[in-house]
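> Supplied in structure tokens, the structure appears directly below.
Where a number appears in this text, it was derived from the coordinates with a stated rule and is not lab data. Not measured: the values here are computed from a predicted model. So basically every Cβ, Gly included, is an ideal-geometry build from the backbone, and we count neighbours across all protein chains shown.
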Amino acid sequence: MKIEKKNMNSIKVEHKKNQNFCTSCLSNKRGFTLIELLVSMLLGILVIVFIYSIHNMQQDTFKRETMKLSSQRNLRNSLNLMETEIRMAGYDRMETDLFGITDVKMDANSNGTITFTFDDGDGGNANNGILDVDETITYALTGNFNLGRTGDGSGAHILADGIEALGFAFAFDDDEDGVLDFNDDDADGELDAPPGGNEGIYWAVDTDGDNILDTNLDTNKDGRIDLGDGITGLPFSVSPDRIRAVKIFLLSRTRGPDRGYVDHHSYVVGFRRIINPSDNYRRQLMELTVKCRNLGL
């Protein structure tokens, strides 16, 4: 019995030790302090802000690239159609002399316009020797940054939006010798290509709205119309029926602004219309020369 009592006392002592050990273990375990929680929350907020900033940057980049691609697509599609149709100017299989370039005036904002005809209408109108209602084409800016095309007698249809400026310049054969007129400085009858001479093809416009080409734009004779040309050019008096080539200037602008970008470029569109925007829109200027082969060149 004494042995059993001794054993029981040992068990009680051991149990008490275990209780003390467990209590000590529990008393050493702590939760998060307020500072630790605040630091964790701050780190979480910083991570969320970083992810949101990256997302916004990606969205801005996507929108910017989408606007640029849309603007470029409008520009190229417009130029392709204009090139195709202007090249058809004067198409006249029946040789009636009823078709050609008929109007080259500018609008009130110094944007160029062009009207031309060809015998290639729809519904059996092609090659009939008659100027039908759908065989007169006009390109001009209409409304707010819209390129309009009139071709069926029902008014202008919007061909492309986001077009800020439209310009034209015209090369001609006034003496109808089959050669574009040029500045023949040495009077040898041949166009001297640089660096052999200082000669260039005349690129003219109608500046006073009488539908007669009266001013040469390429004053420095380098074949380009840009900031290097002078203010006044050689005067002419040439009717639109002598036009043999057309230079098209088309300036597009994105639909929305691009944050963080400022356009400091200078754009020369047609008749010395110099555009210095200094705003947040992105622009692209394209120039294209069309030879009107149906007009004798």
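> Would you kindly work out the equivalent ellipsoid of the range 61-295 from its C-alpha gyration tensor and give its semi-axes, the square roots of five times the eigenvalues, largest first in whole Å?
Equivalent-ellipsoid dimensions as semi-axes: 30, 26, 14 Å.
> Expressed as a rounded percentage, what relative contact order does the range 117-217 have, with Cα pairs under 8 Å and six or more residues apart?
With pairs under 8 Å counted, the relative contact order is 14 percent.
> How far is the Cα center of the range 221-283 from the Cα center of the range 115-181, in Å?
When both Cα centres are located, 20 Å separates them.
> So if we plug the beta-carbon distance of GLU83 and LEU191 into 1/(1 + (r/R0)^6) with R0 = 22 Å, what FRET efficiency do we get, rounded to 0.05? Show your work: numbers first, answer last.
Values: r = 24 Å, r/R0 = 1.07.
The pair GLU83/LEU191 has a calculated efficiency of 0.40.
> Just add up the charged neighbours of LEU250: K/R +1, D/E -1, any other residue whose Cβ is under 12 Å from the Cβ of LEU250. Intermediate results must be reported in sequence, preceding the final value.
Values: positive: ARG76, LYS247, ARG253, ARG283; negative: GLU83, GLU164, GLU287.
Summing Lys and Arg as +1 and Asp and Glu as -1 gives +1.
> Grab the other residues whose beta carbon is less than 12 angstrom from that of ALA169, score K and R as +1, D and E as -1, and report the net.
-1
> Any idea what the relative contact order of the chain is, in percent, if you count C-alpha pairs under 8 Å spaced at least 6 apart?
16 percent
> What is the extension gain from SER110 to ASN128, computed as 0.36 nm multiplied by their sequence separation minus the C-alpha to C-alpha distance, in nm to one decimal?
Details: separation 18, 0.36 × 18 = 6.48 nm, distance 3.63 nm.
Full extension of this stretch gives 2.8 nm more.
> What number, rounded to the nearest 500 deg cm²/dmol, is the helix-based mean residue ellipticity at 222 nm of the chain, given -39500 (n - 2.57) per DSSP H run of at least four residues and division by all its residues? List each step's numbers first, then the result.
Values: 2 runs with 80 residues, N = 297.
Result for the chain: -10000 deg cm²/dmol, rounded to the nearest 500.
> May I ask you to derive the FRET efficiency for ASP222 and GLN58 from their Cβ-Cβ distance with R0 = 25 Å, giving the value to the nearest 0.05?
On the way: r = 44 Å, r/R0 = 1.75.
E between ASP222 and GLN58, to the nearest 0.05, is 0.05.
> Report the extension gain between LEU37 and THR289 in nm, rounded to one decimal, defined as 0.36 nm multiplied by the number of residues separating them, less their alpha carbon distance.
Full extension from LEU37 to THR289 adds 83.8 nm.
> What number, in percent, do you get for the relative contact order of the range 164-297 if the mean sequence gap of Cα pairs under 8 Å and at least 6 apart is divided by its residue count?
26 percent
> Further, regarding this structure: Once the Cα atoms of helix 2-27 and of the chain are each reduced to a long axis, what angle between those two axes, in degrees from 0 to 90 to the nearest 10, is obtained?
30 degrees
> Might you report the magnitude of the Cβ-based charge dipole of the range 61-295 about its Cα centre, with Lys and Arg at +1 and Asp and Glu at -1, to the nearest 20 debye?
About 1980 debye.
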